[in-house]
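I am attaching a structure below and will ask some questions about it afterwards.
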Amino acid sequence: MASEVTVVTREGCSACVRAEADVERICGELGVAWRTFDVDSDPEWRAEYGDRVPVILIDGDEHGYWSVEEDRLRAALA
């Protein structure tokens, strides 16, 4: 099972707010830790992910971006 999900976000991003809510609900149901990370707080992360936020990482590996695919995320966390 995954140990942590990270939602890479940006201030003022409405898609990020939706992704955070989805991840919070899904991870809460599955008992998986999650956190957010502001892409603009780190130049390397901004270069890597800045044009695709929100980005979902599972244990540091990119899982998806722009939106949460609930069935796919649940399967990856099972």
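The values are calculated or read from the model by the stated rules, or taken from the named source; none is laboratory data. The shown structure was predicted, so the numbers you read here are calculated from the model rather than taken from an experiment. Glycine gets a Cβ as well: all are built from the backbone with ideal geometry, and neighbour counts include every protein chain shown. We work out accessible area using only protein heavy atoms, side chains counted, and drop any ligands, DNA or RNA first. Shrake-Rupley method; radii C 1.70, N 1.55, O 1.52, S 1.80 Å.
So, of the residues in the range 1-34 that are within 11 Å of the chain's Cα centre (by Cα) and either modelled with pLDDT under 95 or of a type in the set (Asp, Glu) (or both), which turns out to be most open to solvent (accessible area, probe 1.4 Å)?
Only one residue tops the list, namely GLU24.
Restricting attention to the range 35-50, and to residues there that are open to solvent by 80 Å² or more (accessible area, probe 1.4 Å) and in contact with a strand residue (DSSP E or B) (Cβ under 9 Å, 6 or more places away or on another chain), which single residue is farthest from ALA78 (Cα to Cα)?
Going through the qualifying residues, I end up with GLU48.
Can you pull out every residue in the range 14-38 that is closer than 15 Å to GLY64 by Cβ, touching a Ser or Thr at 6+ places or on another chain (Cβ under 9 Å) and part of a helix (DSSP H, G or I)?
ALA15, CYS16, ARG18, ALA19, GLU20, ASP22, VAL23
Next question. Among all residue pairs at least 6 apart or on different chains, which show Cβ distances below 7 Å where the first residue, located in the range 11-32, is under 14 Å from ILE56 (Cα atoms) and the second is surrounded by 17 or more Cβ atoms within 10 Å (Cβ to Cβ) and at pLDDT below 95?
If the second residue must be surrounded by 17 or more Cβ atoms within 10 Å (Cβ to Cβ) and at pLDDT below 95, the pairs left are VAL32/ALA2; VAL32/LEU77.
Also, I was wondering about something else. Return yes or no: is LEU73 assigned to a helix (DSSP H, G or I) and crowded, with 18+ Cβ neighbours inside 10 Å?
The answer is yes for LEU73.
For the range 51-70, give me the residue count where each residue is among the small types (Gly, Ala, Ser) and either in contact with a Lys or Arg (Cβ under 9 Å, 6 or more places away or on another chain) or surrounded by 14 or more Cβ atoms within 10 Å (Cβ to Cβ) (or both).
So the count comes out to 2.
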